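Chemist: Below you will find the structure I want to go over with you.
The values are calculated or read from the model by the stated rules, or taken from the named source; none is laboratory data. Because the structure is a prediction, the values reported are computed rather than measured. Reconstructed Cβ throughout: ideal geometry from the backbone, glycine too, with neighbour counts over all protein chains shown.
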Amino acid sequence: MEAVRQAFRLLLAHKVRAALTLFGLVWGTAAVIFLVGWGAGVKTMVTNGFAKTGKDMGQMWPGRIGEQFTPAVDRRHLWFSWEDILHVRRRARLATLVGAEKRQYIAVTAGQRAINMEVRGVEPVSQEIRSLPIGAGRGITQADLDHRRRVAILGVNARRDLLGAEGGLGSRVRIGGKPFEVVGLLDRVGTQFGRDGEEVDNQVWIPLSTHFAFWPSDWTDDDVVSFAIYRMPGRHLADETEAELRRIFADRISVSPTDEEAILGWSPIKTLRSLPMDQQDGVMYALSATTLIIGGIGVLNMMLDSVRQRRREIGIRLAVGARRRDILLQFFLETLTIVAFGGGLGLALGVGGCLALEALALPDLIPVPELSVGVVVMAVGTMGGVGLIAGIVPAWFASRIDPALTLRVE
Amino acid sequence: MCAMNEKVMNETGGPLGGTAVIELNGLHKHYRTERVDVHALRGIDLRIDRGEYVTVMGRSGSGKTTLLEILGCLSQPTEGDYRLQARSVTELDSDQLAGLRGAQIGFVFQAFNLLPRLSAVENVELPLAYLGRTKKISRRERRERAMNALERVGLGARADHLPNEISGGERQRVAVARALVNEPALLLADEPTGNLDTKTGEEVLALFDAVHQDGNTLIIVTHDPKIGARAPRCLTIRDGLLDRDVRNGA
């Protein structure tokens, strides 16, 4: 096609200018893919990080009585006992699952190794709420709880640090000096965004009742738990579920349900909601589209210059029978060819770069740009818009040229 | 000026009974550029018949190039009527004018005006390519007709050369081939020998004679009296008006 050949001739005729112009297009297009994809990657990373703490999960724990004007240090500490949790479990209508967890750092030894680890007392329901991947053996069962069995489940890092390569199911570990049998091993969970201490991979899990028996509270006879964990019936009911639980807890431990310092709550859903993810998408797109538009201005400039230099050619073409729309089309196609060429390179660079980063398998906390049809469509669409404008303007000028004037001998 | 053995005709002259290719009635052209109002043509009446060979002479600024542009449908008169092949062109829009230029008119310019990146035969094909937008002409037919036109000007062997690979005289002959490839009703030339030396200019003029012998209508704008003397009819333009209309020789 003539226009395509002419476009490449134009690029070859002014190599430096063409290189700079194309660079703008290539980089602009690649930037759209990178940045918008990266935005999506960050979103996924955060969402996944929260999802790893549990699907539709929420937590609730006691604070202090928050009477106004009283200094915090003077206020009474509150606590949830296991009985409180069981009470709430019976009363709750919205929350589909409610459980208790207790966590504490305790020295864990295996052979010659001794490590201070987060030892967590759990109920079977915790495993369900957190959707834990049990790699080998079993989880904590109701029977373990009933008999206060001395069994433990290890996260991947805890197992590696304690038992090394040789250890596995049936190994013995000592927790705070007490012997426990390893009955389950967890698969890797990865980085979680939560607020409750160590990552699961580093934890040691034991039955909640066993935890109470060996490491009771030193100020009360209650079985004091660290927090309640629950599952809401869906993320659209996050607020309602939290309000219901807050009401039942408040009633149970005799505080005001409106006292926000007495009962504290957290859920990844609420946190996610408060993050400006969608605004971030807009900013990324605006930034990258600007780069592409600047590239487009380069093309516009190059084409306007080309029209100026080729006035005589346009005059000749008009004189031998070209209609104005033939000239318009010719220059428009030339511009589109250049934009498509630069944009195509940028697309390849962007997609290639994203795939390469994905292939690198970077650690959890480094977001990888995410490729999607949407991102590519966005990049191609923006490129098309830029090409359209950068193409129409010079083509229009070209088609308005008066052939009589250009053909006169100056 | 035109040769002295002249026979003065009435202004709209030409032998009666011929077919008019061009009829101009009261043609005016104003330009308004850079605050200067130019009244380039001030009322031209003219008739040119099929098969005539006419030169238009005049000083620079006399309006002869403006007249040529209007005859070639490159610009429109401000006032008056222009009929090409009995069809008024003053009411046509730019697409229709482009169609006329493509189908009825062939141009030859002083500066040759070949597209530098196209080979000789591609240059000659150009009018056919644009004509092909409205009337299907196959690629092969285009090439064939372009080659025929090049053969006619004696440049069949140069078909694949770029304009900067051939001499000035050859370039102008390529331009003539391009002008003829559509078999136009009218061949217009603006100082066709202006950029050529005497010898090659003579070759190009001989080519015009041959084209005329083939029955084509030619109008050549020039200020070279030798060309004026050579053509059977010589018009002189002065201050935007037709000053003289002279028929040479027998």
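Chemist: Can you report the number of residues in the stretch B:74-89 which are among the β-branched types (Val, Ile, Thr), out of contact with any Cys (no Cβ under 9 Å at 6 or more places or on another chain) and crowded, with 18+ Cβ neighbours inside 10 Å? If you could, list the steps in order and put the result at the bottom.
Modeler: Filtering the stretch B:74-89 down to residues among the β-branched types (Val, Ile, Thr) leaves B:78, B:89.
Narrowing the set further to residues that are out of contact with any Cys (no Cβ under 9 Å at 6 or more places or on another chain) leaves B:78.
Imposing the further condition that a residue be crowded, with 18+ Cβ neighbours inside 10 Å reduces the set to none.
Residues meeting the conditions: 0.
Chemist: Considering A:ARG5, A:ARG17, A:ARG9, which residue is touching a residue at least 24 places away in the same chain (Cβ under 8 Å) and part of a helix (DSSP H, G or I)? Spell out how you get there, then give the answer.
Modeler: On the way: A:ARG5 fails: touching a residue at least 24 places away in the same chain (Cβ under 8 Å); A:ARG9 fails: touching a residue at least 24 places away in the same chain (Cβ under 8 Å).
Testing whether each residue is touching a residue at least 24 places away in the same chain (Cβ under 8 Å) and part of a helix (DSSP H, G or I) leaves just A:ARG17.
Residue-by-condition table, conditions (1) buried (at least 20 other Cβ atoms within 10 Å of the Cβ); (2) of a type in the set (Val, Ile, Thr); (3) closer than 19 Å to B:LEU100 by Cα:
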position: B:PRO127; (1), (2), (3): yes, no, yes
position: B:SER167; (1), (2), (3): no, no, no
position: B:VAL174; (1), (2), (3): yes, yes, no
position: B:LEU188; (1), (2), (3): yes, no, yes
position: B:THR193; (1), (2), (3): yes, yes, no
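Chemist: Right, next: From the list A:ASP251, A:ASP259, A:ASP278, which one is charged (D, E, K, R) and either assigned to a loop (DSSP other than H, G, I, E, B) or touching a residue at least 24 places away in the same chain (Cβ under 8 Å) (or both)?
Modeler: On the way: A:ASP251 fails: either assigned to a loop (DSSP other than H, G, I, E, B) or touching a residue at least 24 places away in the same chain (Cβ under 8 Å) (or both); A:ASP278 fails: either assigned to a loop (DSSP other than H, G, I, E, B) or touching a residue at least 24 places away in the same chain (Cβ under 8 Å) (or both).
Being charged (D, E, K, R) and either assigned to a loop (DSSP other than H, G, I, E, B) or touching a residue at least 24 places away in the same chain (Cβ under 8 Å) (or both) holds for just one of A:ASP251, A:ASP259, A:ASP278, which is A:ASP259.
Chemist: Separate question: Just one of (1) over 14 Å from A:GLN203 (Cα atoms); (2) surrounded by fewer than 22 Cβ atoms within 10 Å (Cβ to Cβ) trips up A:GLY99, so point out which.
Modeler: Result: A:GLY99 passes all but (2).
Chemist: Something else about it: Just checking, does the stretch B:197-205 include any residue being surrounded by 16 or more Cβ atoms within 10 Å (Cβ to Cβ) and either assigned to a loop (DSSP other than H, G, I, E, B) or touching a residue at least 40 places away in the same chain (Cβ under 8 Å) (or both)?
Modeler: no
Chemist: Go through the residues of the stretch B:71-83 one by one and say whether even a single one is over 15 Å from A:VAL320 (Cβ atoms), of a type outside the set (Val, Ile, Thr), at the interface with another protein chain (Cβ under 8 Å from one of its Cβ atoms) and in contact (Cβ under 8 Å) with a residue 40 or more places away in the chain. It would help to see each step written out before you state the result.
Modeler: Start the filter on the stretch B:71-83 by keeping residues that are over 15 Å from A:VAL320 (Cβ atoms), which leaves B:71, B:75-83.
Checking the rest, the ones that are also of a type outside the set (Val, Ile, Thr) come to B:71, B:75-77, B:79-83.
With the extra rule that they be at the interface with another protein chain (Cβ under 8 Å from one of its Cβ atoms), the set shrinks to B:75.
With the extra rule that they be in contact (Cβ under 8 Å) with a residue 40 or more places away in the chain, the set shrinks to B:75.
Yes, the conditions are met somewhere in the stretch B:71-83.
Chemist: I would also like to ask the following. Looking at the stretch A:211-228, which of its residues are touching a helix residue (DSSP H, G or I) at 6+ places or on another chain (Cβ under 6 Å) and within 15 Å of A:GLY54 (Cβ to Cβ)? Outline the logic, then answer.
Modeler: So in the stretch A:211-228, the residues touching a helix residue (DSSP H, G or I) at 6+ places or on another chain (Cβ under 6 Å) come out as A:223, A:225, A:228.
The answer is A:ALA228, and nothing else.
Chemist: Could you run through the stretch B:84-111 and say how many residues are touching a residue at least 40 places away in the same chain (Cβ under 8 Å) and either within 10 Å of chain A (Cβ to nearest Cβ) or in contact with a Ser or Thr (Cβ under 8 Å, 6 or more places away or on another chain) (or both)?
Modeler: Step one: list which residues in the stretch B:84-111 are touching a residue at least 40 places away in the same chain (Cβ under 8 Å), which gives B:84-86, B:102-111.
Narrowing the set further to residues that are either within 10 Å of chain A (Cβ to nearest Cβ) or in contact with a Ser or Thr (Cβ under 8 Å, 6 or more places away or on another chain) (or both) leaves B:102-107, B:109-111.
Total satisfying the criteria: 9.
Chemist: Anything in the stretch B:1-57 that is surrounded by 13 or more Cβ atoms within 10 Å (Cβ to Cβ), at pLDDT below 90 and hydroxyl-bearing (Ser, Thr, Tyr)? List them, or say none.
Modeler: The answer is B:THR12, B:TYR31.
Chemist: Further, regarding this structure: From A:ASP305, A:ASP259, which residue is among the charged types (D, E, K, R) and out of contact with any helix residue (DSSP H, G or I) (no Cβ under 8 Å at 6 or more places or on another chain)? Before you say what the answer is, go through the steps one by one.
Modeler: On the way: A:ASP259 fails: out of contact with any helix residue (DSSP H, G or I) (no Cβ under 8 Å at 6 or more places or on another chain).
Only one candidate qualifies: A:ASP305.
Chemist: Limited to the stretch B:206-225, what total is found for residues that are in a helix (DSSP H, G or I) and surrounded by fewer than 17 Cβ atoms within 10 Å (Cβ to Cβ)?
Modeler: 5
Chemist: Listed residues A:ILE389, A:ILE327, A:ILE366; which is more than 14 Å from chain B (Cβ to nearest Cβ), of a type in the set (A, V, I, L, M) and part of a helix (DSSP H, G or I)? Give the steps one after another, and end with the answer.
Modeler: Details: A:ILE327 fails: more than 14 Å from chain B (Cβ to nearest Cβ); A:ILE366 fails: part of a helix (DSSP H, G or I).
That would be A:ILE389, the only listed residue that is more than 14 Å from chain B (Cβ to nearest Cβ), of a type in the set (A, V, I, L, M) and part of a helix (DSSP H, G or I).
Chemist: Same structure again: So is A:ARG325 under 19 Å from A:ASN301 (Cβ atoms), surrounded by fewer than 23 Cβ atoms within 10 Å (Cβ to Cβ), basic (Lys, Arg) and touching a residue at least 12 places away in the same chain (Cβ under 8 Å) or not? Give the steps one after another, and end with the answer.
Modeler: On the way: under 19 Å from A:ASN301 (Cβ atoms): no; surrounded by fewer than 23 Cβ atoms within 10 Å (Cβ to Cβ): yes; basic (Lys, Arg): yes; touching a residue at least 12 places away in the same chain (Cβ under 8 Å): yes.
Judged against the criteria, A:ARG325 is not a match.
Chemist: Let me confirm something: among B:ASN123, B:ASN182, which residue is within 14 Å of chain A (Cβ to nearest Cβ), of a type in the set (S, T, N, Q), in a helix (DSSP H, G or I) and in contact (Cβ under 8 Å) with a residue 24 or more places away in the chain? Give the derivation first.
Modeler: On the way: B:ASN182 fails: in a helix (DSSP H, G or I).
Exactly one residue qualifies, and that residue is B:ASN123.
Chemist: Given the residues A:LEU154, A:LEU132, A:LEU208, A:LEU186, which is the only one that is modelled with pLDDT of 90 or more, buried (at least 21 other Cβ atoms within 10 Å of the Cβ), under 24 Å from A:ASN48 (Cβ atoms) and hydrophobic (A, V, I, L, M, F, W, C)? Before the answer, list the steps.
Modeler: Details: A:LEU132 fails: modelled with pLDDT of 90 or more; A:LEU208 fails: under 24 Å from A:ASN48 (Cβ atoms); A:LEU186 fails: modelled with pLDDT of 90 or more.
Result: A:LEU154 is the single residue among A:LEU154, A:LEU132, A:LEU208, A:LEU186 that is modelled with pLDDT of 90 or more, buried (at least 21 other Cβ atoms within 10 Å of the Cβ), under 24 Å from A:ASN48 (Cβ atoms) and hydrophobic (A, V, I, L, M, F, W, C).
Chemist: Let me ask something additional. Any residue at all in the stretch B:228-248 that is farther than 24 Å from B:THR66 by Cα, away from chain A (no Cβ under 14 Å) and touching a residue at least 24 places away in the same chain (Cβ under 8 Å)?
Modeler: Checking the stretch B:228-248: at least one residue is farther than 24 Å from B:THR66 by Cα, away from chain A (no Cβ under 14 Å) and touching a residue at least 24 places away in the same chain (Cβ under 8 Å).
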